[in-house]
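S.K.: Right, I'll just put the structure down here and ask away after.
The values are calculated or read from the model by the stated rules, or taken from the named source; none is laboratory data. No experiment lies behind these values; they were computed from the predicted model shown. Using ideal geometry, Cβ is built from the backbone for each residue, glycine included, and neighbour counts are taken over all protein chains shown. Accessible surface is based on the protein model in full, side chains and every heavy atom, while ligands, DNA and RNA are left aside. Shrake-Rupley method; radii C 1.70, N 1.55, O 1.52, S 1.80 Å.
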Amino acid sequence: MEPSIFDIIGPVMVGPSSSHTAACVRIGRCVRSILGAVPTKATVHFGGSFATTYRGHGSDRAMAAGLLGMGPDDPAINESLEAARQRGLELQIVADATLPGQLPVRVIVEHGDKRLDVLAESLGGGMIAIRRINDVQVDLQGEGFTVLVEHVDHPGVIAHACGVIGETGINIGSTTCRRSEKGGKALLVLELDQPVGEAVLGKLASLEDVTGVALLAPMAEASDTGV
Amino acid sequence: MTDYRFESAVQLLTLCHECGLPISEVVALREEQLFGRHVQDTRRETCRRYKVMKSMVEEGLRDDIHSRSGLTQAPARKYYESASSGTVLRDPVLRNVLAYAIAANSCNACGGRIVASPTAGSSGILAGVLAAFEERIGKKVVDAILTASAVGIIAHKRAFLSGARGGCQAEIGVSAAMTAAGLAEALGGEPCQCLNAAALALKNALGLTCDPVGGLVEVPCVKRNGFFAVHACVAAELSLAGIGSFIPFDEVLDVMRQTGEMMSQALRETGLAGLAKTATAKEYFKQAEKDG
């Protein structure tokens, strides 16, 4: 990935660590966007150096803040564990040395009958990558507006989904589609030049064989609210 | 059309020569090419981030600022007050560099709003140096930040920017290199002098481990920001005086990456060795637990 000036001189954030605090807010916020709601239950597995230092770095607070929808520069991060309790988010932390990668975090969240299992990695300086969503490998680094279309691996779904975006006149910058197995769960990732509205997301969600839709805003814009 | 992307200091220098532009302008044109952000908007956003940096210094100089752990208690204020005329450092700008960098990183340790550059743990260096030099360099603080970001971009692509990956050299070392380059440009240095300043700064921070007490970003981080802010000024001073680094920046970065890869994980932000495991550190936390 090509970093922006503001990936290096940024994020604007509440400390103490860009890789262990701001990155966790961003990961939590991403997971919340994919789930489409504040979860009622979240189990967070911290790997790598998170496992021994997450308390000191406030990674647990940061994750709660992100899951509640806060950005990395929100002063309320300092009190987010209390806020999570008040808003009915049950947060469980597990130190997990078995996770792959240098600074990995696995987040398993639930809301109603929805369950989501995400593997992410902190890349340093607040930058993150989402490595896996449920059973599907991905590589999302939050550069642009990204639409995720979770579907069953059947013929025509990709064409229909791209068609819905095409009708809006918004350009698709890149597409990737991966599946867990033939005919199994699949995930279409569309990076767009501009965001799409709720109506378009609704249309995507109503397509046959589509099981879930989410829009992720660019990491920097979603979090850095400026001064 | 010129491709403004660069993977190394050598490529960045070639771009500067071909376009006849300083590093700050090349990196702003890269931003426009890659992300569609107009140069004016980039400068405006950079200016806004500099305002956050100044607020970090201001916050960190307050006499009542303290961290949850109690390990950080207004160190910048204490120094600022006791050293008003200077004991060892007689240059007021250099004293401010030291005080402001410690202040800016205290703000981070105490839960304040900061701008990572390139990381939160090393965020005091660029902020402290620029706040101290603002009177002298004026609006060039924006050029300095842009040039610093170019150095950070190369470090990110060629090595890494986190203590967990490469030890403190990857945070403080890179931050000092970025700041040295930015300061050199703001003081009239040529692009090659900026990157030479970066090489000098990083070369002399190689091997630094990340072993913070209690896994907190306080000891040694807060005062280390002060030390390496002065270090960055020394690198810019030497480079602008024509003193070259025998090893160029790209090679120093490669060495940093290799050194980081050879470093035991215990010394990479895990709190399992080094200062974190000293008798004093253990005693502090035993006592803190007893006190609840």
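S.K.: How far is helix B:23-35 tilted off the main Cα axis of chain B, in degrees rounded to 10, range 0 to 90?
M.R.: In chain B, helix B:23-35 runs at an angle near 90 degrees to the longest axis.
S.K.: Taking 8 Å as the Cα distance limit and 6 or more residues as the minimum spacing, I'd like the relative contact order of the range B:52-290 as a percentage. Walk me through the numbers on the way to the answer.
M.R.: Numbers: 475 pairs, mean separation 48.7, N = 239.
Averaging sequence separation for qualifying contacts and normalising by length gives 20 percent for the range B:52-290.
S.K.: Also: Along its three principal axes, how long is the range B:191-238 when you only count alpha carbons? Whole Å, largest extent first please.
M.R.: 41, 18, 14
S.K.: Calculate how steeply helix B:221-240 sits against the longest principal axis of the alpha-carbon atoms of chain B, using the helix alpha-carbon long axis, and give the answer as 0 to 90 degrees to the nearest 10.
M.R.: Here the helix axis deviates by roughly 30 degrees.
S.K.: Which order do B:THR87, B:THR147 take when ranked by solvent-accessible area (1.4 Å probe, heavy atoms of all protein chains), largest first? Numbers along the way, then the final one.
M.R.: Working: B:THR87 115, B:THR147 0 Å².
The ranking, largest first, comes out as B:THR87, B:THR147.
S.K.: While we're here: With N denoting the number of residues in the range A:145-214, provide Rg(C-alpha) divided by 2.2 N^0.38 Å, to two decimal places. Before the final figure, lay out each step's value.
M.R.: Working: Rg = 11.1 Å, N = 70, 2.2 N^0.38 = 11.1 Å.
Expressed relative to 2.2 N^0.38 Å, the Cα Rg reads 1.01.
S.K.: Kirkwood Rh and Cα-based Rg: tell me the resulting Rg over Rh for the range A:5-133, rounded to two decimals. Intermediate results must be reported in sequence, preceding the final value.
M.R.: Working: Rg = 13.0 Å, Rh = 14.0 Å.
Value, to two decimals: 0.93.
S.K.: Turning to a different aspect of this structure: Tell me, Kirkwood radius of chain A from alpha-carbon pair distances, in Å? Don't skip to the answer; put the middle values down first.
M.R.: Values: mean 1/r = 0.0564 Å⁻¹.
This gives a value of 17.7 Å.
S.K.: If I model a spin label as a point 7 Å beyond the Cα along the Cα-Cβ vector, how far apart are those points for B:ALA288 and B:HIS38 in nm?
M.R.: Going from the B:ALA288 label point to the B:HIS38 one covers 4.9 nm.
S.K.: Nearest 100 Å² is fine: what is the total accessible surface buried where chains A and B meet, probe 1.4 Å?
M.R.: On the way: alone 10750 and 13800 Å², together 20970 Å².
The A and B chains share an interface burying roughly 3600 Å².
S.K.: Give me the net charge for the shell around B:ALA159: Cβ to Cβ below 14 angstrom, other residues only, Lys and Arg +1, Asp and Glu -1. Spell out each step's value before the answer.
M.R.: Working: positive: B:LYS157, B:ARG158, B:ARG165, B:LYS203, B:ARG257, B:ARG268; negative: B:GLU7, B:GLU171, B:ASP250, B:GLU251, B:ASP254, B:GLU261.
Result for the local shell: 0.
S.K.: Further question on the same structure: If the viscosity is 1.567 mPa s and the temperature 4 °C, what Stokes-Einstein diffusion coefficient in µm²/s follows for the range B:1-59 when Rh is the Kirkwood radius over Cα pairs? Working shown, then result.
M.R.: Values: Rh = 12.7 Å.
Estimated via Stokes-Einstein, D reaches 102 µm²/s.
S.K.: Further, regarding this structure: Rank these residues by their accessible area, most exposed first, probe 1.4 Å: B:HIS17, B:HIS231, A:HIS154.
M.R.: On the way: B:HIS17 135, B:HIS231 40, A:HIS154 85 Å².
So, going from the largest accessible area down, we get B:HIS17, A:HIS154, B:HIS231.
S.K.: Share of the range A:6-100's accessible area from carbon and sulfur, percent, 1.4 Å? Please list the in-between numbers first.
M.R.: On the way: 1350 of 2890 Å².
Of the solvent-accessible surface of the range A:6-100, carbon and sulfur hold 47 percent.
S.K.: Leaving ligands, DNA and RNA out of it, report the carbon-plus-sulfur percent of the accessible area of the range B:48-122 at a 1.4 Å probe. Walk me through the numbers on the way to the answer.
M.R.: Values: 1580 of 3250 Å².
About 49 percent, which is the carbon plus sulfur part of the accessible surface.
S.K.: What whole-number value in Å² describes the accessible area per residue of chain B for a 1.4 Å probe? The partial results should precede the final answer.
M.R.: On the way: 12080 Å² over 292 residues.
Here the per-residue accessible area is 41 Å².
S.K.: Against the empirical 2.2 N^0.38 Å scaling, what ratio does the C-alpha Rg of chain B come to?
M.R.: On the way: Rg = 18.7 Å, N = 292, 2.2 N^0.38 = 19.0 Å.
Against the compact-globule rule of thumb, the ratio is 0.98.
S.K.: Normalised radius of gyration for the protein assembly as shown, please: alpha carbon Rg relative to 2.2 N^0.38 Å, two decimal places. Could the numbers behind the result be given before it?
M.R.: Working: Rg = 23.0 Å, N = 519, 2.2 N^0.38 = 23.7 Å.
Ratio of Rg to 2.2 N^0.38 Å for the protein assembly as shown: 0.97.
S.K.: While we're on this one: What is chain A's relative contact order, in percent, from Cα pairs under 8 angstrom and six or more apart in sequence? Present the calculation step by step, with values, prior to reporting the outcome.
M.R.: Numbers: 500 pairs, mean separation 50.5, N = 227.
So the answer I get is 22 percent.
S.K.: Loop-only trypsin sites (Lys or Arg not before Pro) in the range B:1-97, please: DSSP not H, G, I, E or B, and at most 11 other Cβ atoms within 10 Å. Before the final figure, lay out the partial values.
M.R.: Details: sites: B:ARG5, B:ARG30, B:ARG37, B:ARG43, B:ARG44, B:ARG48, B:ARG49, B:LYS51, B:LYS54, B:ARG62, B:ARG68, B:ARG77, B:LYS78, B:ARG90, B:ARG95; in loops: B:ARG5, B:ARG37, B:ARG62, B:ARG68, B:ARG90.
Sites meeting the loop and neighbour criteria: B:ARG90.
S.K.: Using the structure shown, list the pairs from A:LYS182/B:LYS157; B:LYS51/B:LYS78; B:LYS157/B:LYS282; A:LYS114/A:LYS185; B:LYS78/B:LYS140; A:LYS185/B:LYS157 with a Cα-Cα distance above 26 Å, or answer none. All intermediate terms of the calculation are to be shown ahead of the outcome.
M.R.: On the way: A:LYS182/B:LYS157 36 Å; B:LYS51/B:LYS78 24 Å; B:LYS157/B:LYS282 37 Å; A:LYS114/A:LYS185 15 Å; B:LYS78/B:LYS140 30 Å; A:LYS185/B:LYS157 34 Å.
Distance filter (> 26 Å) returns A:LYS182/B:LYS157; B:LYS157/B:LYS282; B:LYS78/B:LYS140; A:LYS185/B:LYS157.
S.K.: Same structure, new question: Note down, for the range B:30-180, the three equivalent ellipsoid semi-axes (square root of 5 times each alpha carbon gyration tensor eigenvalue), biggest first, whole angstrom. Spell out each step's value before the answer.
M.R.: Working: eigenvalues 141, 67, 42 Å².
Semi-axes (√(5λ), whole Å): 27, 18, 15.
S.K.: A further question on this structure: When you take every Cα atom in the range B:165-292, what is the radius of gyration, and what is Dmax, the widest Cα pair distance, in Å?
M.R.: 16.9, 57
S.K.: Okay, moving on. Could you compute how much accessible surface B:LEU13 exposes when probed at 1.4 Å, giving the result in Å² to the nearest 10?
M.R.: 40 Å²
S.K.: Where does each of B:LEU21, B:LEU15 land when they are ordered by accessible area, with a 1.4 Å probe and the largest first? All intermediate terms of the calculation are to be shown ahead of the outcome.
M.R.: Details: B:LEU21 40, B:LEU15 15 Å².
Reading off the accessible areas and sorting them downward yields B:LEU21, B:LEU15.
S.K.: Next up: Angle, helix B:39-60 long axis vs. longest principal axis of chain B, Cα atoms, 0 to 90°, nearest 10?
M.R.: That works out to roughly 20 degrees.
S.K.: Tell me, what is the per residue accessible area of chain A in Å², probe radius 1.4 Å? List each step's numbers first, then the result.
M.R.: Working: 8890 Å² over 227 residues.
Ligands and nucleic acids excluded, the figure is 39 Å² per residue.
S.K.: Would you mind calculating the relative contact order of the range A:5-133 from Cα pairs under 8 angstrom and at least 6 residues apart, reporting the percent as a whole number? Mind dumping the intermediate values first?
M.R.: On the way: 286 pairs, mean separation 44.7, N = 129.
Rounded, it is 35 percent for the range A:5-133.
S.K.: Which one of B:VAL129, B:VAL234, B:VAL142 has the biggest mean-square fluctuation once chain B is modelled by GNM with Cα springs under 10 Å?
M.R.: It is B:VAL234.
S.K.: Roughly how many whole Å is it from the C-alpha centroid of the range B:86-158 to that of the range B:1-34?
M.R.: 24 Å
S.K.: Okay, next question. Taking chain A as a Gaussian network, where each spring joins two C-alpha atoms under 10 Å apart, which residue of A:ALA199, A:ALA76, A:ALA65 fluctuates the most?
M.R.: Greatest mean-square fluctuation among the candidates belongs to A:ALA199.
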